[in-house]
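Heads up: the structure comes next, in structure tokens.
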Amino acid sequence: MDVTSRRLAALFALGLVALYPPLLGAFNRPGAFLGIPILPLYLFTAWGALVLACWVLSRGDEP
């Protein structure tokens, strides 16, 4: 397995942990940050970070 595949597999595992329901329970509380409820803010931020990291890792070592 090459380095890029290992990094993408690690990113997949990190994504599973970040979106695991018991962890989501920590963010399911009343309140808001800048008018946005905490749980949707966390979900979309984590999802966006995973997409961005996947894009960066999949680019490879192109010149």
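The values are calculated or read from the model by the stated rules, or taken from the named source; none is laboratory data. As the structure is a computational prediction, the values presented were derived from the model and not from experiment. Glycine also receives a Cβ, built like all others from the backbone with ideal geometry; neighbour counts cover every protein chain displayed.
When region 38-53 is filtered for residues that are within 13 Å of LEU24 (Cβ to Cβ) and small (Gly, Ala, Ser), only ALA46 remains.
Of all residues in region 1-24 being of a type outside the set (A, V, I, L, M, F, W, C) and either assigned to a loop (DSSP other than H, G, I, E, B) or in contact with a helix residue (DSSP H, G or I) (Cβ under 9 Å, 6 or more places away or on another chain) (or both), which is surrounded by the fewest Cβ atoms within 10 Å (Cβ to Cβ)? The selected residue is ASP2.
Examine region 36-58 for a residue that is in contact with a Ser or Thr (Cβ under 8 Å, 6 or more places away or on another chain) and either in contact (Cβ under 8 Å) with a residue 24 or more places away in the chain or in a helix (DSSP H, G or I) (or both), and state whether such a residue exists. Yes - at least one qualifying residue is present in region 36-58.
Within region 25-35, the set of residues being in contact with a helix residue (DSSP H, G or I) (Cβ under 7 Å, 6 or more places away or on another chain), in a loop (DSSP other than H, G, I, E, B) and loosely packed, with under 10 Cβ neighbours inside 10 Å comprises ARG29, GLY31. When GLY60 is tested against (1) in contact with a helix residue (DSSP H, G or I) (Cβ under 9 Å, 6 or more places away or on another chain); (2) at pLDDT 90 or above; (3) of a type outside the set (Phe, Trp, Tyr); (4) on the phi > 0 side of the Ramachandran plot, exactly one condition is not met: (2). Within region 19-34, residues that are more than 20 Å from LEU50 (Cα to Cα) have Cβ atoms under 7 Å from residues that are surrounded by 10 or more Cβ atoms within 10 Å (Cβ to Cβ) and among the β-branched types (Val, Ile, Thr) in these pairs: ARG29/ILE38; GLY31/ILE38; ALA32/ILE38, counting only partners at least 6 apart in sequence or on another chain.
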